[in-house]
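Input: a single structure, listed below in structure tokens.
Derivation of every value follows stated rules applied to the coordinates shown; laboratory data play no part. Since the structure is predicted, the reported quantities are computational estimates derived from the model, not experimental observations. As a convention, Cβ positions derive from the backbone with ideal geometry for all residues, glycine included, and neighbour counts pool all protein chains shown.
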Amino acid sequence: MVRMRAVHILINPYKLTIVIILAFFLLPVFPIGGPAAGVLGAADAVYAAAGNPDDPAFFDEYYADANRSETRPYTPSLSATAVADGGARRVELTWSNRGGLASSYEIWRHDEQFPGWKPLDTAVRGSAGYSDERVGAGERYMYRIRARSAENDSLSRFSNTAEATTVFSEAPSHLAWAAASNSTATLTWRDNSANESRFVIDRRYGAAGQWTYAAQTAANVTERQGLNAPANAAVYYRVGAYSQTYNSISYGEPVLVDYNGNVFIRGSSYKNDNNIAAAGAGSAAGNGASGKDNRNGGAPGGANAAKTIRIAGRAATDGGDLITRGEFVAMLVRSLRIEEKPIGSFADVRRDHPFYDEIMQAARLGFIRADINNLFYPDRILTREEMAVFVYDCSIAVGRPLPPRGADALQAFPDADGVPARCLPQARAVFGEQIMIGIGTPANGNYIGIDRDATLDQAALVIDRYAQWLEGYENAY
């Protein structure tokens with residue numbers, strides 16, 4: 001009997017109507033859904049029972065009535081991009097902020113690992129972006145947002161659904177810049193990815209500024225000209241490889257474009273700051289305590305030379321070590337900040353060589369060349385003869401040739417007769433301009449040492465003096 005009465009109640013149409021009416025009034029007071037069920041205001045009560053107001057399809061239908069949309073916040077338009085930067089990953093959200101009645105924005109997320117739409121966070125009035133750092137690798141995420149008005153306790157309909165996947169193209173590297181004028185610069189970089197859709201370039205003014213979009217290039221293009229870089233202003237640029245397939249971008253290391261003290265060389269530039277010579281040629285600070293190309297008593301050859309050594313990725317205390325041909329070319333290119341595309345091919349310089357880019361930049365400029373077998377010998381120890389020739393040829397390549405000198409440029413050296421005819425013009429010019437001074441100590445005399453192996457500190461001092469000579473050239477002409 002009890003069982004039959006229960007069935008009777010359930011199928012009695014009058015009593016069923018009462019149950020539905022009670023549920024209609026009680027459900028808004030005692031919500032049984034997720035977090036969104038309790039966020040509806042008084043203005044929402046009139047349609048809450050007609051459907052699920054958290055369903056975008058329902059909102060589209062409800063807001064088809066233009067009169068209702070006038071009393072609600074504007075519906076935002078949303079975009080999402082997965083970002084990899086400095087080893088960290090996140091999804092960046094941006095949306096249109098039209099102001100109006102919006103006092104905050106609810107951010108919702110749907111991901112494959114935990115399906116279903118769930119509230120993620122709330123952004124305050126005036127916000128137009130959000131960074132979701134709670135993301136995993138190789139995951140697809142979908143987002144939508146809606147605006148809330150505290151003024152009349154109402155909600156906009158949900159935005160479009162924006163999605164991004166945390167799968168990234170390999171970030172570009174070796175970002176460098178060259179001065180094109182006193183207000184523009186050219187950026188170049190290495191393309192490490194085989195599947196980017198395009199490269200995106202962002203700009204930031206000052207170390208604490210916000211990154212903003214500046215430009216873009218097509219896939220496989222590794223240069224962008226005409227970028228804004230006013231003189232005496234610290235402007236940072238970064239380049240990212242963008243994947244349209246995954247709506248993701250992977251950024252390389254940024255570069256600071258700062259014209260202070262720059263000298264322009266054939267559309268390229270080197271920077272006369274603490275990285276290169278600040279002392280005059282022949283000074284104790286620039287040349288070491290002995291006034292020669294070598295250091296005295298194991299001390300580094302001057303503060304500026306120590307900094308130049310660090311440019312090569314070596315410690316200042318390594319100054320007495322021998323230097324290779326590839327390492328010297330890299331120090332020269334990096335110290336002068338010569339910006340050329342790394343184009344060229346030597347049979348013994350593979351793409352994974354640590355100085356590949358610098359060697360190919362020098363090859364493109366034309367101040368290094370291969371032998372008859374297309375070999376450069378980047379890992380062979382550099383001789384002082386080769387150092388003189390490289391500096392001399394570099395001066396021609398950048399359009400600032402060293403002036404020719406006569407026999408008197410070497411007459412003070414007791415080993416002058418040992419300089420081969422093949423490099424005599426180069427040695428006279430480099431020693432005549434005191435870019436190379438000699439080796440030895442006051443106790444044992446001063447020698448050219450043309451056939452001697454070069455050391456790291458000798459190379460740093462010579463590059464410092466050469467940079468100083470270039471600056472003097474620019475001032476003179």
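Would you list S96, S335 from fewest to most Cβ contacts within 10 Å?
S96, S335
Could you line up C394, C423 from fewest to most neighbouring Cβ atoms inside 10 Å?
Fewest-to-most Cβ neighbours within 10 Å comes out as C423, C394.
With θ set to phi - 60° and the Karplus curve 6.51 cos²θ - 1.76 cosθ + 1.60, what are the ³J(HN,Hα) couplings of region 463-468 in order, to the nearest whole Hz, using x for Gly and Pro?
5, 4, 5, 5, 4, 5
What residues have an amide H closer than 5 Å to that of A229, excluding those fewer than 5 places away on the same chain, when H is modeled at 1.01 Å from N in the peptide plane?
Sorted by chain and number, the residues that satisfy this are T184, A185.
Once you sort the root eigenvalues of the Cα gyration tensor of region 104-189 as a ≥ b ≥ c, which label holds: rounded (a/c under 1.5), prolate (a/b larger than b/c) or oblate (the other case)?
oblate
Could you state the number of Å between the C-alpha centres of region 214-236 and region 359-427?
35 Å
What FRET efficiency would be calculated for the residue pair I381, S181, taking the C-beta separation as r and a Förster radius of 41 Å, to the nearest 0.05?
0.50
Under the rule a/c < 1.5 gives rounded, and otherwise a/b versus b/c splits prolate from oblate, where does region 173-257 land using the Cα gyration tensor?
The shape class here is prolate.
Give me the extension gain from E253 to Q216: residue separation times 0.36 nm, minus the current Cα-Cα distance, reported in nm with one decimal.
Between E253 and Q216, full extension yields an extra 11.7 nm.
Got a sec? How would I145, I381, I463, I450 order by Cβ neighbour count within 10 Å, fewest to most?
I381, I450, I145, I463
Can you tell me the length gained on complete extension of the stretch D348 to T161, counting 0.36 nm per residue apart and subtracting the Cα distance?
Length gained between D348 and T161: 62.1 nm.
For region 127-238, rounded, prolate or oblate, judged on the Cα gyration tensor with a ≥ b ≥ c (square roots of eigenvalues), a/c < 1.5 rounded, else prolate if a/b > b/c?
Oblate, since a/c reaches 1.5 and b/c is not below a/b.
Once amide H atoms are built 1.01 Å from N in the peptide plane, which residues 5 or more positions from A102, or in another chain, come under 5 Å H to H?
Excluding prolines and chain starts, which carry no amide H, the hits are Y74.
From the phi of every residue in region 82-94, what ³J(HN,Hα) in whole Hz does the Karplus formula 6.51 cos²θ - 1.76 cosθ + 1.60 yield, where θ is phi - 60° and glycine or proline is x?
My calculation for region 82-94 gives 7, 10, 10, 8, x, x, 9, 10, 6, 10, 9, 9, 9 Hz in order.
Whole-Hz ³J(HN,Hα) for each residue in region 408-414, computed from phi via Karplus 6.51 cos²θ - 1.76 cosθ + 1.60 with θ = phi - 60°, x for glycine and proline: what do you get?
Calculated HN-Hα couplings, in order: 5, 5, 10, 5, 6, 9, x Hz.
Calculate, for R125 and R364, the FRET efficiency according to 1/(1 + (r/R0)^6) with r their C-beta to C-beta distance and R0 56 Å; round to the nearest 0.05.
0.55
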